[in-house]
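The values are calculated or read from the model by the stated rules, or taken from the named source; none is laboratory data. Source: prediction; values computed, not measured. Counting neighbours? That spans all protein chains shown, and the Cβs are built from the backbone with ideal geometry, glycine included.
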Amino acid sequence: MDWQQIYQHLQDGGFDVYALGQHQGRCAAPYIVLRNNGCTRPGALELGLYELLLYCPVDQYSQFEAFIQAVQARMNQLFPAAKLVDGPGIHYLDPDVLGYMTSLTYQCPRVTHLNEITYGKE
């Protein structure tokens with residue numbers, strides 16, 4: 001599971017999804033910013049971390065919980081390839097976009113060939 005697959009899965013679910021820096025202006029409707037938070041490499045597995053920054057217009061706060069739950073339900077369809085490991089976090093008012101924000105962090109394990117022993121391979 002990688003960034004592009006998560007992005008496409010959310011878009012196919014009807015969500016407005018953006019990469020970092022893509023969304024411009026005020027938060028007029030709920031949207032998601034998908035961020036790659038790096039990875040860890042415990043042995044042969046690579047654990048990719050992807051953070052979903054969820055935004056809701058300041059005048060639609062009563063709908064924020066439903067939006068968060070809808071995103072979680074959509075992402076749950078990717079389990080076990082994507083597992084919720086943190087969030088939702090505290091709701092913050094982002095004055096730059098006039099919207100509330102929270103985040104969900106997902107861990108995506110995948111096999112890696114980095115750091116493997118390659119005896120006899122050339």
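Annotation note: Cβ proximity below 8 Å between a residue of the range 1-17 that is under 20 Å from R110 (Cα atoms) and a residue that is among the polar types (S, T, N, Q) and surrounded by 13 or more Cβ atoms within 10 Å (Cβ to Cβ) (sequence gap 6+ or interchain) occurs for W3/N36.
Annotation note: Cβ proximity below 6 Å between a residue of the range 79-99 that is under 17 Å from V33 (Cβ atoms) and a residue that is charged (D, E, K, R) (sequence gap 6+ or interchain) occurs for V97/R26; L98/R26.
Where strands (runs of 3 or more DSSP E) fall entirely within the range 13-87, those with at least 1 residues that are β-branched (V, I, T) and under 12 Å from the mean Cα position of the chain (by Cα) are at 17-19, 31-40, 83-86. Filter the range 104-122 down to the residues that are within 22 Å of C39 (Cβ to Cβ) and in a loop (DSSP other than H, G, I, E, B), then identify the one that is modelled with the highest pLDDT. Step by step, filter the range 104-122, then rank; the result is T112.
Of all the listed residues (N76, N37), the sole one being surrounded by fewer than 14 Cβ atoms within 10 Å (Cβ to Cβ) and touching a residue at least 40 places away in the same chain (Cβ under 8 Å) is N37. Please determine whether any residue of the range 91-103 is in contact with a helix residue (DSSP H, G or I) (Cβ under 9 Å, 6 or more places away or on another chain) and part of a helix (DSSP H, G or I). No, the conditions are met nowhere in the range 91-103. Checked against the criterion of being touching a residue at least 24 places away in the same chain (Cβ under 8 Å), among the polar types (S, T, N, Q) and in contact with a helix residue (DSSP H, G or I) (Cβ under 8 Å, 6 or more places away or on another chain), the range 45-66 has no qualifying residue.
Being surrounded by 14 or more Cβ atoms within 10 Å (Cβ to Cβ) and modelled with pLDDT of 95 or more is the filter here; which residues of the range 17-27 pass it?
Of all residues in the range 17-27, those surrounded by 14 or more Cβ atoms within 10 Å (Cβ to Cβ) come to 17-18, 23, 27.
Listed by number, the residues that qualify are V17, Y18, C27.
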